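Working notes, beginning with the structure itself.
Nothing in this text is a laboratory measurement; each read-out follows from the coordinates by a stated rule. Remember, predicted model here, so these are calculated numbers, not experimental data. Neighbour counts run over all protein chains shown; Cβ positions are idealised from the backbone, glycine included.
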Amino acid sequence: MKINRAAIKQNAKNIISTAKPSPILIGIAFICIAWTLEFLMLTVSGHYEVYMKTMEQIMAGNLDYIPIMPKVNPWGAALGIAILMMLIMMKVGFTIYCMNICHFRNAGLGNLFDGFAIFFKSLWLHILMFAFVYLWSLLLIVPGIIAAYRYRMALYIMLDNPQLSAMECIRASKEMMDGRKGELFVLDLSFLGWYLLAAFPFVTIWVTPYTSVTYTNYYIALRDMPVSEYDLQI
C-alpha cells in the first residue's frame, strides 16, 4: 500500500495552520539558532573567510577558483565539533516538536532543547548513521545514497520508542524502509522547487516547518500501517 503523498502534505499544511504555538514561529526560532550555530562553527574553525572568498569568486564568474584551506587549529576544531553537536541536538529538538504537534500533544519552544535530554543516545545514533552511510559511500555514491534513505526513520523510531538502543532503531528503520526508499525519494523530489526558493529567508521560514511536518507525517503513516502491510517487530 502506497503512502498518499498529497494527503500527508495537505495534512502538514493543516497542522501548520492550526497548531499552537505556530510552527512558523517555532521554525523561525529554530532557523535563527541553527544559522547562529553554523556561523559560529565556520568562524571558530577558520572556514568562514574561506567560504566568503569562495562565494565572491563564484559570483565574479571565476568557477575555476580553488579555495585555500586554513591550517588546522586543534582548539578551533574541538570547539567546532562541540558547536556541531549542539546543532544536531537542536535539530533533534525540532523533530520532537514536530512529533508532538503531529500527535496533538503539548508542544512549545522548549521542545527545541529537548534533544539535550537524550544527548548521548541521539548523538550515538547520528554517529552510527554517518559511519554506515560513509562506509557504503566508499563503494560507490549510489550505495551511500541508498543507505541514507535506509536509515531516515531511525530518529523518529528512537523518539517513539525510547527503550530501543541506537542500533535497534537503525535496524528498525532499515526494515521500515524496505521497499519504500523510492517512494521517499519521490517525496523529496516533490519539495525540490521549495528547496530552490529557500535561498530567500522569507521562504525558508515556511519550507522548514512544512517539510519537517510532512516527513513526520510520512513516518507516522508508515508506523500505523496494518500489520499485514508492515510489521516493525519491536
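Taking the number of other C-beta atoms within 10 Å as the exposure measure, put Y97, Y219 in order starting with the fewest.
In increasing order of surrounding Cβ atoms, one gets Y219, Y97.
If you take the Cα Rg of the range 9-223 and divide it by 2.2 N^0.38 Å, with N the number of residues, what do you get?
Here the Cα radius of gyration is 1.09 times the empirical estimate.
Got a sec to turn the phi values of the range 118-124 into Karplus ³J(HN,Hα) couplings, 6.51 cos²θ - 1.76 cosθ + 1.60 with θ = phi - 60°, whole Hz, x for Gly and Pro?
Listing the rounded values in order: 10, 3, 5, 5, 6, 5, 4 Hz.
What whole-number distance in Å separates the alpha-carbon centres of the range 178-208 and the range 146-169?
21 Å
Which ³J(HN,Hα) values, rounded to whole Hz and listed in residue order, are derived for the range 169-182 from phi using the Karplus coefficients 6.51, -1.76 and 1.60 in 6.51 cos²θ - 1.76 cosθ + 1.60 with θ = phi - 60°, glycine and proline given as x?
Result, rounded to whole Hz: 5, 5, 5, 5, 5, 4, 5, 5, 8, 4, x, 10, 4, x.
Which whole-Hz ³J(HN,Hα) couplings does the range 132-146 yield from phi under the Karplus relation 6.51 cos²θ - 1.76 cosθ + 1.60, θ = phi - 60°, glycine and proline marked x?
Each residue's phi maps through the Karplus curve to give 5, 5, 4, 5, 5, 5, 5, 6, 7, 5, 5, x, x, 5, 4 Hz.
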